[in-house]
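Structure first, then comments.
Any read-out appearing in this document is the output of simple, stated calculations on the displayed coordinates, not a laboratory observation. Only a predicted model underlies this, so the values are computations on that prediction, with no experimental measurement involved. No Cβ is skipped: glycine too gets one built from the backbone with ideal geometry, and neighbour counts run over all protein chains shown.
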Amino acid sequence: MSLLLTACLFCLFRHDHFISSSLSSSPSLFDGAVISTVTTATKKHFSTLLNLLGGLLAKEHLPPEARRLLLTWAQEISVLMKTSDNYSPLFSLPSFNKFCRGLLANGLNEDQSICLQTCHSLQVLSSSLSTELLQRCVDVCRVQLVHSAVRVRQAYGKLLRTIPLHVAL
């Protein structure tokens, strides 16, 4: 089963995670608004993808290679969302919230590389997180500040410094 899951995820990942069909359209394609330049078949892919990633990342029992692939995918999507104005309306939608909750679920993983991948995505998205998500992020950062790996401590310390003081206290 884990090999099949990883193969399916890799296939989706390698096909540009449906972003190419989203880039040519305006932001209102997210979560169902009808756009004349987007076909009915592709208009909800990005929101569906965020829901899928959020749900899978939140799973407790997931093969490590699948989790790393999902986090690589999440990292690319996070960077894209922050560098393109087309995606700013998405930050207030439930699909983005689920995506971020899935990321946060990986912040306390025992695997150092998973912790670091998670932290990088959260650093990219931190300025767009709701207060509730920022508070959860602070909780993860506090735990990781005493991690045995120096790189993890430094990364989460850097993330904590990006969070507004009134939320962090």
**Request:** Provide the net charge surrounding A168, with neighbours chosen by a C-beta distance below 10 Å and charges set as Lys +1, Arg +1, Asp -1, Glu -1.
**Result:** +2
**Two-site FRET efficiency, Q154 against E65, from Cβ-Cβ distance with R₀ of 35 Å, rounded to 0.05** = 0.85
**Request:** Determine, for each peptide in 75-83, 144-152, the mean count of other beta carbons within 10 angstrom over its residues, then list the peptides with the highest first.
**Result:** 75-83, 144-152
**Asked** What's the extension gain from T162 to A58 if we count 0.36 nm per residue and subtract their Cα-Cα distance?
**Response** 35.1 nm
**Prompt:** Got a sec to turn the phi values of the range 90-104 into Karplus ³J(HN,Hα) couplings, 6.51 cos²θ - 1.76 cosθ + 1.60 with θ = phi - 60°, whole Hz, x for Gly and Pro?
**Reply:** 5, 4, 9, 8, x, 5, 5, 4, 5, 4, 5, 4, x, 4, 4
**Prompt:** How high is the FRET efficiency from V138 to S84, r the C-beta distance, R0 25 Å, rounded to 0.05?
**Reply:** 0.35
**Asked** With a ≥ b ≥ c the root eigenvalues of the C-alpha gyration tensor of the range 90-169, is it rounded (a/c under 1.5), prolate (a/b larger than b/c) or oblate?
**Response** oblate
**Asked** How would you rank 96-105, 125-134, highest first, on the average number of other Cβ atoms within 10 Å across their residues?
**Response** 96-105, 125-134
